[in-house]
Structure formats: structure tokens, C-alpha cells
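To keep things clear, I will list the structure first and then write my remarks on it.
The values are calculated or read from the model by the stated rules, or taken from the named source; none is laboratory data. Computed from a predicted structure; not experimentally measured. Cβ sites come from the backbone with ideal geometry, for glycine too, and all protein chains shown count toward neighbours.
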Amino acid sequence: MLKRKPRNQNSIIEALYEAQKIAFSPFVFQACVAAKRLGVLVAMAEPAAENSIARSTGLSAYAVAVLVDALVAAGVCRRDEKGNLQLTKTGECLVFDEMTAVNLDFAADVCYGALEALEESLKTARPEGLKRFGSWSTIYPGLSELPERARRSWFGFDHYYSDRYFDSLAALIEKTLCPKVLFDIGGNTGKFALAMLKASETARVVLVDLPQQCRLAQENKALAPYADRFSCASVNWLEPQAVPSVQTQADVIWMSQFLDCFAPEQAVSILLRAKALLAPSGRFAVLECLTDRQPYPAAQLSLAASSLYFTALANGNSRFYRHADLEAIFDAAGLVIEAEQSNIGISHTLFVCKPR
């Protein structure tokens, strides 16, 4: 008979605690969301008694007590020697750290209910959790129709991990690649297009996206002053032969967090079709978050967890790629990596690629 090997008692106790954190993680998560949105976390930014927290938030003593017990056990807050409650460093991150706030809202408003369908999505390679929002085949055509809170949190998450670097990256593209015409594929509401138009006095920018996203970009008032250099071309890349109707070729095709929205074979197909839109000396500039190129574990966890959003909710078959996976996609599309810059901002890598 096999016998369990002797184990260190302290390690067992620690492992049991970590295992219960996983088992009860939905409870802890919802407690944190509620405590933040009801003002309980802010009330503990400085030491505070339970009754004063109840008064300041308008909650009952019971409501504060059940939240506090969960938050203390989870390490979000602690009691001092006088019995007052105060946030731990973890709690302070929940209140004051922008990345944590964006991730928390995205998880609560967009992903939480949908992730119940993760197991089924892993079997079917379809975003089964998307059914809670609508009947679209992927989330992207439905972004403009999401409930207000979900839509706000989705765009907040998307923009946090991309557009904060757009100004500096647009300046870099202008300086190093000097495009006369740039196609912004998957340009969403036009934030990079705007940055590029500001960075260059002469470049023309064509935003290429789904019809719904093109409409959002065309309604973006910030782009109105650049109407003579800005236009949109709609396309659904998931249609196997689809290409946008454009009147010129691109010196640069920009893709920001775009390829991660597609399965590898779809990404290769899109790159092959987009390659035909390049001018003879044109380049791809691809910005992606790679799970195995993160210097900090918090960023690595954020990306790995977010890949499950793609599985259960976005499309059922894509993810944030590893470096080797993305290299293989470029290679299959007949592209050669000409330059690569990692550690851009929190989690990004920029690739400049040319046709082989």
C-alpha cells in the first residue's frame, strides 16, 4: 500500500490556507468588489472602528461585520491593537492602484458571470459565456451594445493596457518608419489613429475594423480636425477571404493587441491578407502582451487570467501569446522580425516585421 510521505506541518497549514483561498475565491472577490463600491475599503484607508465605518457608508452593523470578517481573513485589512480596522498593502492596491482597479472592474462587470461557462468553452472552442450578453459569435460586434457598466469596464481595461503608450509609440513610428500612409487594423475607437495624426503633420491614417467600430471612430469628435487625413475601412477578418476596400497601400500596418483576438490559424490568415495591402517597402508594427516576457508576476498573472476571458467570453479560441507562438505566426505568414522592443510600459512588446 502506498503511504503518504511525511510532510512539514507548517507547509501543510500554509498549503491548506492557499487552497481555501482558491476554493472561496468567488466569495472573497465579491466581498472586495462590494466593499470597494460601497465605500468600506476607502473608510479603512485610515484606522476606523466598525461602527464608524457603518455610519460613514450608511450600511448596517451586520453588513460591515460580514464584509470585514471576510476581508480580514483574506488579508485585505487588519485590526490594530485598539481593534480598529485598516487596509493592508493588498487592500491599498485595491483602492489606489490603477491596474488593480481596472482589472477588478473588468472581472466584475464583464467576466464574472461569463466565466461560469469556461468549462464548456474549453470543450467547444466557442465563447459560451457570451450568451449572457447577446447572441453574437464573438464579443467584438457587440461591444457597442453591452450594458453601460460592462461597456465602460471593457473599454477601461482595453485602453489601460494600450492607449497610455500610444503617444510615445506614435512618435516612435513617425521617427523610425516615417509612414505616408498608416493602416490602423483593429483601431477600435481611434485612439492610436489620433495619436498618429498628432505625431505626424502629413501622414494619412486609415482605421480598419468592424463596421460597428468604424462608426464609433467616425463619431469620435477628437478626430474631426483631421478629417482630411483620416478615414475608415470596414472589414470582418473572420470571413476567410475578406479584405478592406482601400484606395492606397500602406507604408505601415499597425496592430495593437489585435492578433491576440484570434486563433493562430486565423492570425496567420489575417496577416497574409493584410500583407497584400502593404507598399513594396512597407512594414508591420505589432504591439502585443506576451505571457512569458513579463518582468513582474502581477503582470504575468493578469495576462494569463485574461486569456481565459478570450476563451469563455470573447471568441473561444484566442489568448495572449507566448513569444515563440507569436514568432511562429509571423513565420507562417511569411514575415521576418526586423526589430523587437520589450518592456514597453507595463507589459508590451513591439515587433517591426517585413515580408520575407
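General observations
- First in the stretch 161-175 and farther than 11 Å from residue 256 by Cα, second anywhere and aromatic (Phe, Trp, Tyr) and assigned to a helix (DSSP H, G or I), Cβ under 8 Å, 6 or more apart: 170/192
- Subset of the stretch 20-69 (residues that are of a type in the set (S, T, N, Q) and either on the phi > 0 side of the Ramachandran plot or part of a helix (DSSP H, G or I) (or both)): 20, 25, 30, 51, 52, 56, 57
- Residue in the stretch 187-203 that is in a loop (DSSP other than H, G, I, E, B) and either at positive phi or not assigned by TED's automatic domain parsing to the domain that holds residue 166 (or both) present: yes
- Sole residue being modelled with pLDDT of 95 or more and at positive phi, chosen from 345, 316: 316
- Residue within the stretch 269-288 that is crowded, with 18+ Cβ neighbours inside 10 Å, within 19 Å of residue 187 (Cα to Cα), of a type in the set (Phe, Trp, Tyr) and in contact with a Ser or Thr (Cβ under 9 Å, 6 or more places away or on another chain) present: no
- Residue 265 being in a helix (DSSP H, G or I), at pLDDT 95 or above and surrounded by fewer than 23 Cβ atoms within 10 Å (Cβ to Cβ): yes
- Residue list for the stretch 31-50, filter: charged (D, E, K, R) and in contact (Cβ under 8 Å) with a residue 40 or more places away in the chain: 36, 46
- Residue ID - surrounded by the fewest Cβ atoms within 10 Å (Cβ to Cβ), chosen from residues in the stretch 70-95 that are of a type in the set (Gly, Ala, Ser) and part of a helix (DSSP H, G or I): 73
- Verdict on residue 321 being part of a loop (DSSP other than H, G, I, E, B), in contact (Cβ under 8 Å) with a residue 60 or more places away in the chain and crowded, with 21+ Cβ neighbours inside 10 Å: yes
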